[in-house]
Amino acid sequence: MQRDLEIDLLRSFVAIAAHRNFTRAAEAIGRTQSAVSLQLKRLEEIAGERLFERSRNSVEITPTGEALLVYANRILSANEAALSHIRRPEAEGLIRFGAPDDYASYLLAPILAGFRAEYPLVQFELTGESSVDLFPMLEHGEIDIMLGTHSTDQVQGRIARYEPLHWVAGSDYVDDPAQPLALALFPNGCAVREAGLKALEQFERPWRIVCSTRSVNLIEQTVLNGTGVSVMEAAIIPESLRILDGQPGFPLLPEMAMSVHYNKAACAPHVGIFADYLVGELGRRRV
């Protein structure tokens, strides 16, 4: 007898495909690593094929897994759409949403548009601030929900995905290893800035700040004119900039955790619905 694809199994499968790591996939969907491993085993039994090749240091999706991933995302989207239709009467009201400026500019527009299409009675009040400034606002009730960035050893909230960091520069940039590295970065308190500076210090490469701003556009212009380089998350790198990773003088950068924060026990139903939607969409929308 044919066994159907189960939603929970597909959700774990998609999380593993997004994170390429069982521990991180488990954190993203709120399950234990052993539960996620067991769900993948059950899904592979249903499929009759291996979906990932696993080794001690890596998890790589197989061709069968790649094929299933397309349908898995469709099935999960259809499942969410069906639930959205059923729950739509609950989703009405204002959501005060806080997010870093770079996310608001480059990442969130299609997600918010999709949510508005599903829930036309929900309105948004979007606040663009750094994560370090948004946390007090959430604590004091000035916003209902926020999207934040953390180093992987300081993870908080509901993890949506892990985002790689890259060194970026203009197309004509030429590095001079004999000179301190000129940097255009986000302001103090930004986890991305701290990760870049920590990598340089461990690499023992001197540096200097030429631009410190919350504006992605200003960082982009500073980098484009050859004044310096920057560190950016993969999801927000403008097409005008090129990645320098792997070149001499540029140390490896860590990944950052992108997570959603809200008071689950006290929030209105439509805020909780948006939180679920946001985590799901961020986990699927990869660079």
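None of the figures in this text is laboratory data; all of them are computed from the coordinates on show. Bear in mind the structure is a predicted one, so any value in this text is a computation, not a measurement. Ideal geometry is used to build each Cβ from the backbone, glycine not excepted, and the neighbour counts take in all protein chains shown.
If you take the beta carbon distance between Met137 and Ala82 as r and set R0 to 45 Å, what does 1/(1 + (r/R0)^6) give as a FRET efficiency, to the nearest 0.05?
Values: r = 34 Å, r/R0 = 0.76.
Computed FRET efficiency for Met137 and Ala82 comes out at 0.85.
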Among Asp172, Asp101, Asp276, residue whose mean-square fluctuation peaks in a GNM of the chain (springs only between Cα atoms under 10 Å): Asp172
Determine the gain in length on full extension of the stretch Ser105-Ser58; use 0.36 nm per residue of separation and subtract their C-alpha separation, reporting nm with one decimal. 13.6 nm
GluC sites (Glu not before Pro) within segment 199-279, DSSP loop, no more than 10 other Cβ atoms inside 10 Å: Glu204, Glu239
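Would you kindly state how much longer the chain becomes between Asp276 and Thr32 on full extension, computed as 0.36 nm times their sequence separation minus their alpha carbon distance, in nm to one decimal? Could the numbers behind the result be given before it?
Numbers: separation 244, 0.36 × 244 = 87.84 nm, distance 1.87 nm.
Here the answer is 86.0 nm.
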If each DSSP helix of 4+ residues adds -39,500 (n - 2.57) and the sum is divided by the residues in the chain, what number results at 222 nm, nearest 500 deg cm²/dmol? -13500 deg cm²/dmol
Post the alpha-carbon centroid distance, segment 228-287 to segment 69-128, in whole angstrom. 16 Å
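For segment 163-256, what proportion of DSSP beta bridges, expressed in % and rounded to the nearest 5, is antiparallel? Show your work: numbers first, answer last.
Numbers: 8 of 14 bridges.
Within segment 163-256, antiparallel bridges account for around 55 percent of the total.
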Given the options Asp245, Asp102, Asp176, state which has the largest fluctuation in a GNM of the chain using a 10 Å cut-off (strictly under) for Cα springs. Asp176
Mean-square fluctuation maximum in Gaussian network of the chain, Cα pairs under 10 Å, restricted to Val174, Val260, Val229, hits Val174
So who's got an amide H within less than 5 Å of the one on Thr152, skipping anything under 5 residues away but keeping other chains? H placed 1.01 Å off N, in plane. Ala257
